[in-house]
Amino acid sequence: MKRQMLLSKIQQKQLTYTEVGKAVGVSRQMISYIVNCRCNPSWKLQRRLEQFFGIPASELLAESEQR
């Protein structure tokens, strides 16, 4: 499973996981874990991701089946 909306927004903005991590205060590895549904972000991190991408966390972090 992946969080397709988050992955899509990262790709649309042509960002690396490192750049996103720096912008929201976590490591590149943490962004990878979140995108790949290996962990769930804290409430504070969800808020920072919402602000960075301008999308509600409920949409941004929705899980979808990988095809």
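The values are calculated or read from the model by the stated rules, or taken from the named source; none is laboratory data. Please read all numbers here as calculations on a predicted model, not as lab measurements. Glycine gets a Cβ as well: all are built from the backbone with ideal geometry, and neighbour counts include every protein chain shown. Heads up: the accessible areas ignore ligands, DNA and RNA and are worked out on the full protein's heavy atoms, side chains in. Shrake-Rupley method; radii C 1.70, N 1.55, O 1.52, S 1.80 Å.
Gain in length, Met1 to Gln51, computed as 0.36 nm per residue apart minus the alpha-carbon separation, to one decimal in nm?
15.6 nm
Based on DSSP loop calls and a cut-off of at most 13 other Cβ atoms within 10 Å, the longest stretch of the chain free of exposed GluC sites (Glu not before Pro) is what?
Free of exposed loop sites, the longest segment is 1-62.
Which of the lysines could a cross-linker bridge to Lys22, judged by Cα under 20 Å and excluding same-chain residues fewer than eight apart?
Filter leaves Lys9, Lys13, Lys44.
Taking Rg and Dmax of the Cα atoms in Å straight from the coordinates, which label in [x] 13.8, 48; [y] 10.5, 30; [z] 10.6, 28 is the correct one?
Computing Rg and Dmax of the Cα atoms in Å and matching it to [x] 13.8, 48; [y] 10.5, 30; [z] 10.6, 28 gives [y].
Please compute the modelled spin-label separation between Ser42 and Ala23, points set 7 Å along Cα→Cβ, answer in nm with one decimal.
Label-label distance for Ala23 and Ser42, simple model: 2.1 nm.
Quote the accessible area belonging to Lys44 in square angstrom, nearest 10, computed with a 1.4 Å probe and with ligands, DNA and RNA left uncounted.
140 Å²
Quick check: with the 1.4 Å probe, what order do Arg38, Arg28, Arg3, Arg48 take by accessible area, largest first?
Arg38, Arg28, Arg48, Arg3
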